[in-house]
Each structure stands twice: as structure tokens, then as C-alpha cells.
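Data first, discussion second: the structure below is written as C-alpha cells.
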Amino acid sequence: MAIEVGRVCTKLLGREADKNCVIVEVVNKNFVVVSGPKELTGVKRRRCNIKHLEPWDAKINVEKGASDATLKEAILKAKIEGYS
């Protein structure tokens, strides 16, 4: 599964384990920036090791570094099953 901007994932480790998020920026081969956004899933925008993510088949259409408001709108519009 490709690690790319807009890919929906589940966090596997840390205080936000088992919560869903979306990749908003690829930092390098090991790290990405993810966001829930916080008001939807409780995942704050933060850097995350890709080893701590389980990517889904689902992908939403957002630009690199999209704001949480834009992200929330895109997620609700995409109606991803099981995302919350």
C-alpha cells in the first residue's frame, strides 16, 4: 500500500492507537505528518513513523499540507465507511 498524501490510516502505537487519521504530508522515507482531524477522531496533527500506521485501501483527494478544516470537509464528502 502506498504511503502518500490523502491515504487513510489507522495508528497502531502511542496514545492515539486504534484511531483513524489521514496522511497530509510525507516528510521522508520514515516519517509522515498525519491528522484526524482532532475534532473528528481525536488525532492531533503530528509527525508519525510510518511503521506505526496501518494504511487502508481508501484515499481522499487533498493537497499536501491541507488544513484540518479542508481535511474534515473532504472526509465527510468522501463518506469513508468506518472512519470516525
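Test of understanding: among LEU53, LEU40, which residue is modelled with pLDDT under 95, surrounded by 12 or more Cβ atoms within 10 Å (Cβ to Cβ) and not small (Gly, Ala, Ser)?
Numbers: LEU53 fails: modelled with pLDDT under 95.
Matching residue, one of LEU53, LEU40: LEU40.
Among the residues of the range 59-84, just one is acidic (Asp, Glu) and closer than 14 Å to VAL5 by Cβ, namely GLU63.
The values are calculated or read from the model by the stated rules, or taken from the named source; none is laboratory data. From a predicted model like this one, the values you see are computed outputs, not experimental measurements. Every residue, glycine among them, receives a Cβ derived from its backbone with ideal geometry; neighbour counts consider all protein chains shown.
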